[in-house]
Amino acid sequence: MLKAFMCLAIALGAYARLRGLGTWPWATDEYLTNQSVANIIRYGVPAFDCGGYYLRGIFLQYLIAPLEWGGIHPELAARLVPVAFSFVALAAVYFLGKRLSGTTVACVCVSLLSLSLWEIEFARFARMYMPFQAIFLCYLLALHRVVVDRHTAAFGWLWLLSLAGVFTWAGGLFLLVVNFLPHAIKDSPGRFRHMAVSGALLLVGYIYSGWNFRVMGAVPPLPSDVPINLVGEHVVMPPLLLSTLSSHPAWLVGALLLLGLSLAVIVTLVRAYGIAARERIGWTALVILSLFNLFGCVVLGLVLLLLLGWIDIRRASRRCAYIVALAIASNFVFWFAYALLTHGWYALFPGFKPGGELSKLAVVLFKYPNVVDSTLAPWLAAVPTLAVLLGGLAAAAVIWSVLGRDEERVHSLRLTLAVCVVMVVLASLVDTKYIRTRYTFFLLPLLYLVAMTVIHTLLVRPIRSYPKRSAVVGLTVIATMGLTEDFGWAHLIHVDSTKWNYRLPYGEALTAHYYPREDFRTPAQYVNRHAGPQDLVVTTKPVATYYLDRTDYVYWNYSWGEFAGISCDAGRRERWSGSDLLYRRDDLFDAVDKSNGNIWLITLVGEVRPPIDELSERYSVTLVYRGLAGAIGVYKIERAQ
């Protein structure tokens, strides 16, 4: 019965993934992928016309290129590949579910993920997120083979899949870090040669990820006559209160006393008898982290040590636990009092103002790594019920797995949770330009697996009656689909309609969660029909150039975000379309003044309209067309005026 339901769910999910797949125009990020694929077809490599290369998601690009080259319509070809990967992900979920808790959990998770709107929308999204999710899940299967089954030959799969992850998505670098996890497990099956290979791959991946291929062999992309503040993705460093003690001599003396106490505890740990070396190292690491006011790291570090078996809560030395707790508590009280009674540490946070000190203390003491802003806050804003449900059950899974019996399925659950913790922490250490749920999308199947494993273990498995067990499973599926934001029959069935494609019923957070889509095609078609040969065609949306018969200029002011990614050839051209670029308001005015015909501008319609506000200061600007979703419109300036 359950397998039949799973097959039905897969069929419905396949319908939603494939229906009208190539119907709608590119979303903004999809356009970037397609332009790079077009360059692969043209040059054999993803090279920009103005120099440099686009290597983000290069694995995905080379999978799409043969489909487009073979004659499949680009908007369909580019989306077919993520759809195919979504079925690979479902297969991996099934086998992971069987490992964690048996066929029931496997079938339930595959069913839920088949019908998940987030999974469906990202399967229809021609970017790297779904392919990476599939690679990540397959990687996790290989990791279970290495750690749980102790099959060292599977290290080869770990290395291959982690490299594939790097060439699929920038976050794939995290998998090269997770390659070291088998060596951190109690009774590790790994050998030094395995660690050496993992280290070499991490070095290669780090160099590859950090290299700016976009400017390689190209003219400097930015104009020299405008101030551009380039701040790329970088690792976030912790806010250490220790660096502010020099201006407070009395507190500095207290910190030295605290250091003495911590060192005494560490010496006691080193000299303790009958304790495994890994347990000593783990306790020592927690004390050192607390000494540097990194209490968020203390909490996550303790969870990771328990999951990896470095500290066994049932067999750990009580004496060691007590003295470590004393040291951590002493460090916490000291730093709490210091931050509450002094103000020198405000310098660590530009723009910091007094007021609400207790909440700010929580930020200083616990918000590194910043898991709250990078993962929890976006999920709670977009899908609060789902986030609370999966997060709560994941926390329950940590407690149960740490206290549970020493058996294979518990080991599998601990390993899965450890990977989840490591990936969330690594994601929070990178300061990206945007904070979006899509950057942790790859974790969704993992969280469903963990949640359903906990429910099955605690509620279903103890029931001996098969009808009652089936009823509990059914209620679990119905409750999950009925109470959380991840499911909706109208959206699923009419996924290719104007209403759902453009996220019209959703608010800002949920729209960003599914990735916003805008209608660039019909505004471009309107201009194609009405613009004369003497008219000037300008757009602030590079995606529109794909549908325009001609584009005279792309206008992107240098003060707007992403200018560094748009500008090419010293500011003369727009990188993705190759169109001439205007980046100053006066240059836009000059182009309008010199035009012998009407001026057509494709841009945003709504409250934020920088180019329209600027043009309206000097010209009569009329909105003549709005796209299907209403967000993109065509403005016209009559030359006669």
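Evaluating TYR526 against the criteria (1) on the phi > 0 side of the Ramachandran plot; (2) touching a strand residue (DSSP E or B) at 6+ places or on another chain (Cβ under 8 Å) leaves one unmet condition, (1).
Within segment 143-156, restricting attention to residues that are in contact (Cβ under 8 Å) with a residue 12 or more places away in the chain, open to solvent by 10 Å² or more (accessible area, probe 1.4 Å) and assigned to a helix (DSSP H, G or I), the residue that is nearest to ARG99 (Cα to Cα) is ARG145.
Being closer than 23 Å to SER209 by Cα, open to solvent by less than 20 Å² (accessible area, probe 1.4 Å), modelled with pLDDT under 95 and not basic (Lys, Arg) holds for only one residue in GLY102, GLY51, and it is GLY51.
Go through the residues of segment 179-193 one by one and say whether even a single one is open to solvent by 20 Å² or more (accessible area, probe 1.4 Å), small (Gly, Ala, Ser) and more than 29 Å from LYS98 (Cα to Cα). Scanning segment 179-193, I find no residue that is open to solvent by 20 Å² or more (accessible area, probe 1.4 Å), small (Gly, Ala, Ser) and more than 29 Å from LYS98 (Cα to Cα), so the answer is no.
Considering only segment 334-349, I want to know if a residue exists there that is farther than 20 Å from LEU245 by Cβ, part of a helix (DSSP H, G or I) and hydroxyl-bearing (Ser, Thr, Tyr). Give the derivation first.
Looking only at segment 334-349, we keep the residues that are farther than 20 Å from LEU245 by Cβ, and these are none.
Scanning segment 334-349, I find no residue that is farther than 20 Å from LEU245 by Cβ, part of a helix (DSSP H, G or I) and hydroxyl-bearing (Ser, Thr, Tyr), so the answer is no.
Here is the figure for segment 10-20: residues that are surrounded by fewer than 22 Cβ atoms within 10 Å (Cβ to Cβ) and either out of contact with any Asp or Glu (no Cβ under 6 Å at 6 or more places or on another chain) or among the aromatic types (Phe, Trp, Tyr) (or both) total 6.
When MET6, MET1 are screened for being open to solvent by 60 Å² or more (accessible area, probe 1.4 Å), of a type outside the set (Val, Ile, Thr), in contact (Cβ under 8 Å) with a residue 40 or more places away in the chain and closer than 30 Å to ALA106 by Cβ, only MET1 passes. Output yes when any residue across segment 157-164 is over 18 Å from ILE207 (Cα atoms), in a helix (DSSP H, G or I) and touching a Pro at 6+ places or on another chain (Cβ under 6 Å), and no when none is. For segment 157-164, residues over 18 Å from ILE207 (Cα atoms), in a helix (DSSP H, G or I) and touching a Pro at 6+ places or on another chain (Cβ under 6 Å): absent.
To keep it simple, each residue is scored yes or no on (1) surrounded by fewer than 19 Cβ atoms within 10 Å (Cβ to Cβ); (2) closer than 13 Å to TYR625 by Cα; (3) within 28 Å of the chain's Cα centre (by Cα).
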site: LEU510; (1), (2), (3): yes, no, yes
site: TYR514; (1), (2), (3): no, no, yes
site: ARG517; (1), (2), (3): no, no, yes
site: PHE520; (1), (2), (3): no, yes, yes
site: ALA524; (1), (2), (3): no, yes, no
site: VAL527; (1), (2), (3): no, yes, no
site: GLN534; (1), (2), (3): yes, no, no
site: LEU548; (1), (2), (3): no, no, no
site: VAL554; (1), (2), (3): no, no, no
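Only one of the numbered conditions (1) open to solvent by 50 Å² or more (accessible area, probe 1.4 Å); (2) among the hydrophobic types (A, V, I, L, M, F, W, C); (3) part of a helix (DSSP H, G or I); (4) touching a Lys or Arg at 6+ places or on another chain (Cβ under 7 Å) is not met by LEU269, and that is (1).
Within segment 71-96, the set of residues being open to solvent by 60 Å² or more (accessible area, probe 1.4 Å) and not aliphatic (A, V, I, L, M) comprises GLY71, HIS73, PHE87, PHE95. The residues on offer are ILE435, ILE478, ILE463, and the sole one that is open to solvent by 60 Å² or more (accessible area, probe 1.4 Å) and without any contact (Cβ under 8 Å) to a residue 60 or more places away in the chain is ILE478.
I need a count of the residues in segment 311-325 that are open to solvent by 100 Å² or more (accessible area, probe 1.4 Å) and either touching a Leu at 6+ places or on another chain (Cβ under 9 Å) or on the phi > 0 side of the Ramachandran plot (or both). Can you show your working first?
Within segment 311-325, the first condition is being open to solvent by 100 Å² or more (accessible area, probe 1.4 Å), and the residues that meet it are 314-315, 318-319, 322.
Going one step further and asking which of them are either touching a Leu at 6+ places or on another chain (Cβ under 9 Å) or on the phi > 0 side of the Ramachandran plot (or both), we end up with 314.
The qualifying residues number 1.
The values are calculated or read from the model by the stated rules, or taken from the named source; none is laboratory data. Since this is a predicted model, take the numbers as computed values, not measurements. Note that each Cβ is placed from the backbone with ideal geometry, even for glycine, and that neighbours are counted across all protein chains shown. Heads up: the accessible areas ignore ligands, DNA and RNA and are worked out on the full protein's heavy atoms, side chains in. Shrake-Rupley method; radii C 1.70, N 1.55, O 1.52, S 1.80 Å.
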